[in-house]
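None of the figures in this text is laboratory data; all of them are computed from the coordinates on show. Here the structure is a predicted model, which is why all the values come from computation and not from measurement. Cβ: placed from backbone, ideal geometry, glycine included. Neighbour counts: every protein chain shown.
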């Protein structure tokens, strides 16, 4: 075996996980453009537009709930490649339809497929030697993806029509499928350790999930709900207040640039800031930003709050991922990451659309305050010291040629 083989495998494993995370978490980046496109170009009501996004997210939740308990007994590479391939076909089909019923079926199918791929992606990251650092790496990749998406896609959709958005989604999923088929880490390997010829494999016991993990799951679900119901209407609230397409697009591009930094900052602060303290502060800051975004009639406060809104979720989620992976190191809980985040995110767009349609944009601020309070209560039940405990690993096994 060539001396460069472990290094090449290590780098390709990193690349595959970064690409898979970006494809699977496309909603975290694209939701405001997604819902805005459905409202503006397809003439769906806010509730219908939010409902279609919800179907995608609900599909991802179902897939994650089914696959997470089976993580470690499936071929990660096959699940990731096939999942992204099916999602690409579903979005390609969506680009050719305009009726709500067909779009609903295709959104749900795309979510099921992409959620399956994302589930094995997060489970694999969780079984690395440093889950916090591993999740930060893929988070930085998502930030780069967000900049490219917001710089290119809104003008493309405005110039050509809503169908172009779904072609872009299909292309993103297709890239995820190809890269996963070629380089996704095989079941049982953890590529996020130094390329020294061995790959550590985390303990994979079949014990019940610790009680604290369940509190973390509920807390992340609440934050995901706030994130989705607000993010889905970030573009719409700016447009409806007359800020203009160019200004709102500029805010989205700025948001993408800002998203480059929270994951990297979370990696640097891993040993300096207690994870539990970060989790207690995250929902509070998130709710305050929603109040500003949805309550401001001036552009400057809206732009400032909107540009850092997603960064709060990325930063907090990175600490949550590392803490919970150490509490439950088999990878099963983190393989359910799409479920724990998207079960809230799945409700978010349709809940946000219902609230906006019934009570106006300001109602999202009150909902964010209530959900943020519940998230803080849940995170307060997490232990203080678990974030500093090392992940238990089995005896390193030689890398496969």
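Values as computed for the structure displayed
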{"quantity": "Two-site label geometry, residue 354 and residue 75: point separation in nm, points 7 Å out along Cα→Cβ", "calculated": "4.2"}
{"quantity": "Peptides 116-125, 147-156 ordered by average Cβ neighbours within 10 Å, highest first", "calculated": "116-125, 147-156"}
{"quantity": "Peptides 214-227, 90-103 ordered by average Cβ neighbours within 10 Å, highest first", "calculated": "214-227, 90-103"}
{"quantity": "Distance from region 311-328 to region 64-123 (C-alpha centre basis), Å", "calculated": "24"}
{"quantity": "Normalised per residue, the volume of the convex hull around the Cα set of region 1-127 (Å³)", "calculated": "113"}
{"quantity": "Extension reserve of the residue 151-residue 292 stretch, reckoned as 0.36 nm per residue once the Cα distance is removed", "calculated": "48.3 nm"}
{"quantity": "Ranked packing of 56-68, 163-175, 19-31, most packed first, by mean Cβ within 10 Å", "calculated": "19-31, 56-68, 163-175"}
